[in-house]
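Structure record follows, encoded as structure tokens.
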Amino acid sequence: MNTKTWTSRLLGLALAFALLLTAAVAPACAETAIPADGTYTGSANGMGGALEVQVTVEGGKITDVTVGSHQETPGISDPAIEQIPAAIVAAQSTDVEAVASATVTSNAICEAVLAALSGEGGEEKAELAITVEPDVIVVGAGMAGLVASVHAAELGANVLVLEQNYRVGGSANTAGGSISGAGYAIQKAAGIEDSAEAFYNDFVTMGGGEQNMNTEIARVHAERSGEAIDWLKDDVGVEFSDQVDSGGYLTMNTFRVTYTAGGPSSGGGTYFVNALMDKLQGFIDAGQAQLCLDTMVTDVLLDEEKNVLGVEVGDTQIYAPSTIIATGGYGYSEQWLKEFNFTNITSNDPNTAIGSGYDFARSAGAAFDNMDYCSCYGGSVPVSGFQASLRCNINYNGAIWVNTAGERVFNEPQATSMDKRTVWRTADQNIIYVVLAENMITEDSPLFTGMMSNSAAFTNEEKIAELLESGYMFKADTLEELGEAIGAPKLAETVAKYNEDVKAGEDSVFGRTDNLLAFEEGPYYAVYTVPYLMMTAGGPRINGEGQLMREDGTAVGGAYLAGEIIGSANIAGHNTIGGIGHGLCATWGRISAESAVKNAGK
């Protein structure tokens, strides 16, 4: 076995979440003594990982702060990177006010400057030998990877967990706490009768038929999802509420979605992460598991038949009988998204969802299913490029949606979440214009809202002026001129017909009855919008044991999958079932762990 050493950091839960809480809650900026003249460097963790600074001291004063390498989100982090260094120089202190739209980045800059001036220079990566001889390698320490790691260790395997990010949890750190299953204890306590067969039937009927799914793994998921929730509660110690409902998406015939004590809102998913990491830490302390953060797996090791023998971390080769790929989806990979799904798209996924697991599966010759189907949301204004950071209120007072030809595409107020996804996903170039008139805009009704960490307050007037200048919003005195500006020749005709229908009190095109408001005299506006996504739906093919499969029906030896990479569409068809994301992590993290441990001879 080749067990070279590599540069990494082995961090426990306490450190990882201390960093998270520091960044997300309290400003890290504080006073510090200014050292002797010279140039100092320091680093701290930002939203995407390590952020480095260089601080110059001359004549006993801070004269320059420069942000060096970092992985912060372009657009969102820019104001902090521009403003915080200058503010520190002006104040001669790191006790400065964070930029509201980029608090995490602001605090990271302050922490890094403090580290530089204190002589600490930030964390240094230590040379670290592998401390376990792995039976199972788990690639990714999001919820799926944590479930797989804990369960594999429970079953007696030595487990090596490799995570590219500086913290565990992945998407679960910002997700709500929903999870779905059939026949689990909380559901039974609520007096709800359910069965695996009923769950599977909902997949079929709501997902557009069995042709849209992998029926083998859909049945396995329905059968084992309930026990996975019970395991999280009883064995792992996840704190759950007693709420059971149909979830936040399409309504199933049976209430089978429950929630952590954190509930459905953002942050509820951390209850899964915290409890799983507590459990994994026990195995780490016992020497049975090792967690390496900031450790990017660059490829899988293959034999001549393309079976997986282990992984590569840079130039280092690490071998194990079984490898579990739990890298998440490809929602932050423009390459994969534009290959299969979209012409124009923005992402609300974490920047670690780069599709590396899909690359690994492709190199092993895996088959892929449902890659042409990808759920999305409508109304992103791509001011930050690929990273979604601004959303238009697409159901604004009286507004209509038009395609690139200037034609309306739906009954706007009545559109369901599935309808909206279909509109933006199938539109020409995935472009929809939200069109409205001056008489519809009021300052007490926001036309735009921020996404991700872009939470700065702004008025309609400010944002409209900014978007007009940047070319994501168009303004004209006549509808003919507006149509010409956006290249939509039928716009004036479309609005004229809509105005006639508003006057008559009935939308003759789509039957709209709500929020009917005529376009009065100009000026008129059009907002350029594209889709944004939070989860991908297709993935590499697996069998009922979680093993990676090829098109010819053969299995890829030594390779197992868990979590979002499996693809929700391969289980639930072409829809979104409430709680399916965490369900994929819990159910298939356990299944893949059991198969991987058995393959390792444990």
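Below, the figures for the structure above:
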read-out: Rounded to 5, the percent of DSSP beta bridges in the chain classed as antiparallel; value: 75
read-out: Partners for residue 420 among lysines (Cα-Cα distance below 23 Å; same-chain residues under 8 apart left out); value: 338, 490, 497
read-out: Rounded FRET efficiency, nearest 0.05, which uses the C-beta distance separating residue 189 from residue 499 and R0 of 60 Å; value: 0.60
read-out: Whole-number accessible area per residue in Å² for the range 461-570, which is evaluated in the context of all protein chains at 1.4 Å; value: 44
read-out: Per-residue [θ]222 nm for the chain (sum of -39500 (n - 2.57) over DSSP H runs n ≥ 4, rounded to 500); value: -9500 deg cm²/dmol
read-out: Cβ-based charge dipole, the chain, positive-most Cα from 89, 439, 327; value: 327
read-out: Of all accessible heavy-atom area on the chain, the percent that carbon and sulfur account for (1.4 Å); value: 47
read-out: Förster-model FRET efficiency, 25 Å R0, residue 417 and residue 205, C-beta, rounded to 0.05; value: 0.90
read-out: Net lengthening on full extension, residue 33/residue 64 (0.36 nm per residue, minus Cα-Cα); value: 9.6 nm
read-out: Residues of the range 222-379: accessible area per residue with a 1.4 Å probe, Å²; value: 37
read-out: Förster-model FRET efficiency, 41 Å R0, residue 462 and residue 253, C-beta, rounded to 0.05; value: 0.30
read-out: Virtual spin-label span in nm between residue 397 and residue 338, 7 Å along Cα→Cβ; value: 3.9
read-out: Accessible-area order (highest first, 1.4 angstrom probe) of the listed residues 224, 590, 362, 256; value: 362, 224, 590, 256
read-out: Relative contact order [Cα under 8 Å, 6+ residues apart], the chain, whole percent; value: 18
read-out: Pairs beyond 23 Å (Cα-Cα), from 233/598; 188/602; 233/279; 279/602; 279/598; value: 233/598; 188/602
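The values are calculated or read from the model by the stated rules, or taken from the named source; none is laboratory data. In this text, all values refer to a predicted model and were calculated from it rather than measured experimentally. Counting neighbours? That spans all protein chains shown, and the Cβs are built from the backbone with ideal geometry, glycine included. Heads up: the accessible areas ignore ligands, DNA and RNA and are worked out on the full protein's heavy atoms, side chains in. Shrake-Rupley method; radii C 1.70, N 1.55, O 1.52, S 1.80 Å.
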